[in-house]
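Q: Sharing a structure with you now.
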Amino acid sequence: MDFYDPKKIATGIDQIMQEAPVDIVLVAHGSLLAQPECEDNLTTCRDSLLINLISPILFIEACAKHFAVQNSGTLAIIGSVAGDRGRKSNYIYGSAKSGLWRVAQGLQHRFANTKVQITFIKPGPTDTPMTAKLKVNGTKLEPVKNVARQIVLGIDRGDRIIYTPPKWRVIMWVIQHLPSVIFNRLNI
Ligand SMILES: NC(=O)c1ccc[n+]([C@@H]2O[C@H](COP(=O)([O-])OP(=O)(O)OC[C@H]3O[C@@H](n4cnc5c(N)ncnc54)[C@H](OP(=O)(O)O)[C@@H]3O)[C@@H](O)[C@H]2O)c1
């Protein structure tokens, strides 16, 4: 499927949903295009926003329409801790994830008092193909199985938001509340 084509996404999701009732959808696609390349090349900048924000929203809305009709289903969406505060190292990717969080909040409001569950997931740096370059540079990465397990448990609990590993909730709270005078001295 072309992940940027609204008509193909709508048709594809309609077909899947008509085959059998769907319990859980996990919207998990994304790409960590390097921040310096997004600054130098507007095509890369656009591509990052397309794959990390626009495309997930199209899939989310295509699925939400069906969940609204059946009044059941869990829509789990992978965002990132990168969306919690704009940082020089990844603010284009982060802005897309932040936008996704706003969409998830809107959905949580829309589906409040229904049987449709919206779970938004904010992983920290995790050992997957996406972070292969970071791993070479020595960035500490969480094993993907731990993150996956915590996502499954959080969805089963009906969490609205999952930080995984949980320590990232505290780390990002601190980062969000740092005054600019301190924040601007950090190389993050
Ligand atoms: N790894 C981390 O540290 C980390 C941290 C926070 C959030 N996340 C988020 O977690 C989610 C999963 O990422 P991951 O870490 O598991 O990385 P990954 O293994 O690279 O998975 C990314 C997925 O997105 C798909 N994808 C990328 N560009 C696409 C395109 N243009 N069209 C269609 N599919 C495309 C990939 O498909 P192909 O395999 O076919 O290319 C792949 O299945 C992403 O939303 C990512 O932003 C990751």
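Q: Test residue 93 against the stated conditions and say whether it is farther than 30 Å from residue 42 by Cβ, in contact (Cβ under 8 Å) with a residue 60 or more places away in the chain and either touching a strand residue (DSSP E or B) at 6+ places or on another chain (Cβ under 7 Å) or surrounded by 12 or more Cβ atoms within 10 Å (Cβ to Cβ) (or both).
A: Values: farther than 30 Å from residue 42 by Cβ: no; in contact (Cβ under 8 Å) with a residue 60 or more places away in the chain: yes; either touching a strand residue (DSSP E or B) at 6+ places or on another chain (Cβ under 7 Å) or surrounded by 12 or more Cβ atoms within 10 Å (Cβ to Cβ) (or both): yes.
So residue 93 fails the test.
Q: Let me ask something else. Kindly indicate whether any position in region 58-66 is of a type in the set (Phe, Trp, Tyr) and under 27 Å from residue 178 (Cβ atoms). If you could, list the steps in order and put the result at the bottom.
A: First, the residues of region 58-66 that are of a type in the set (Phe, Trp, Tyr): 59.
Checking which are under 27 Å from residue 178 (Cβ atoms) leaves us with none.
Among the residues of region 58-66, not one is of a type in the set (Phe, Trp, Tyr) and under 27 Å from residue 178 (Cβ atoms), which makes the answer no.
Q: Kindly indicate which of 122, 145 is within 29 Å of residue 47 (Cα to Cα) and within 16 Å of the chain's Cα centre (by Cα).
A: Values: 145 fails: within 16 Å of the chain's Cα centre (by Cα).
None of the others qualify; the one that does is 122.
Q: Please specify each residue of region 11-34 satisfying the condition of being within 16 Å of the ligand (Cβ to nearest atom) and either among the small types (Gly, Ala, Ser) or at pLDDT below 95 (or both).
A: Those that are within 16 Å of the ligand (Cβ to nearest atom) and either among the small types (Gly, Ala, Ser) or at pLDDT below 95 (or both): 12, 28, 30, 31, 34.
Q: Please verify whether residue 113 is modelled with pLDDT of 95 or more, in contact with a Leu (Cβ under 8 Å, 6 or more places away or on another chain) and of a type outside the set (Phe, Trp, Tyr), treating the condition exactly as stated. First the steps, then the outcome.
A: Numbers: modelled with pLDDT of 95 or more: yes; in contact with a Leu (Cβ under 8 Å, 6 or more places away or on another chain): no; of a type outside the set (Phe, Trp, Tyr): yes.
Against the criterion (modelled with pLDDT of 95 or more, in contact with a Leu (Cβ under 8 Å, 6 or more places away or on another chain) and of a type outside the set (Phe, Trp, Tyr)), residue 113 does not qualify.
Q: Return only the number of the condition from (1) out of contact with any Ser or Thr (no Cβ under 7 Å at 6 or more places or on another chain); (2) closer than 30 Å to residue 65 by Cβ that residue 171 does not satisfy.
A: Condition (2) is where residue 171 drops out.
Q: Hey, another quick one. State which residue is nearest to residue 82 (Cα to Cα) when the search covers only region 153-188 and only residues that are surrounded by 13 or more Cβ atoms within 10 Å (Cβ to Cβ) and aliphatic (A, V, I, L, M).
A: Across region 153-188, the extreme among qualifying residues is 172.
Q: Let me ask another. Would you mind stating whether residue 51 is outside any helix (DSSP H, G or I) and near the ligand (Cβ under 10 Å from one of its atoms)? Full working, then the answer.
A: Details: outside any helix (DSSP H, G or I): no; near the ligand (Cβ under 10 Å from one of its atoms): yes.
So residue 51 fails the test.
Q: Could you please find all residues in region 36-48 being out of contact with any helix residue (DSSP H, G or I) (no Cβ under 8 Å at 6 or more places or on another chain) and within 15 Å of the ligand (Cβ to nearest atom)? It would help to see each step written out before you state the result.
A: Of the residues in region 36-48, the ones out of contact with any helix residue (DSSP H, G or I) (no Cβ under 8 Å at 6 or more places or on another chain) are 36, 40-43, 46-47.
Hits for region 36-48 are 43, 46, 47.
Q: A further question follows. In this structure, does residue 4 turn out to be within 12 Å of the ligand (Cβ to nearest atom), on the phi < 0 side of the Ramachandran plot and within 14 Å of the chain's Cα centre (by Cα)? Please lay out each step first, then the result.
A: Values: within 12 Å of the ligand (Cβ to nearest atom): yes; on the phi < 0 side of the Ramachandran plot: yes; within 14 Å of the chain's Cα centre (by Cα): no.
In short, no.
Q: Select from region 16-55 the residues that are polar (S, T, N, Q) and without any contact (Cβ under 8 Å) to a residue 24 or more places away in the chain and write down the one among them that is nearest to residue 93 (Cα to Cα). Even if it seems obvious, please write down each step before you answer.
A: The first filter runs over region 16-55 and keeps only residues polar (S, T, N, Q), leaving 18, 31, 35, 41, 43-44, 48, 52, 55.
Checking which are without any contact (Cβ under 8 Å) to a residue 24 or more places away in the chain leaves us with 18, 41, 43-44.
Values: 18: 34, 41: 14, 43: 14, 44: 11 Å.
Once the filter is applied, the top-ranked residue is 44.
Q: Select, from 159, 84, the only residue that is away from the ligand (no atom under 12 Å from the Cβ), among the acidic types (Asp, Glu) and in contact (Cβ under 8 Å) with a residue 40 or more places away in the chain. Spell out the reasoning first.
A: Numbers: 84 fails: away from the ligand (no atom under 12 Å from the Cβ).
Answer to the selection: 159.
The values are calculated or read from the model by the stated rules, or taken from the named source; none is laboratory data. Since we're looking at a predicted model, the values are computed, not measured. Note that each Cβ is placed from the backbone with ideal geometry, even for glycine, and that neighbours are counted across all protein chains shown.
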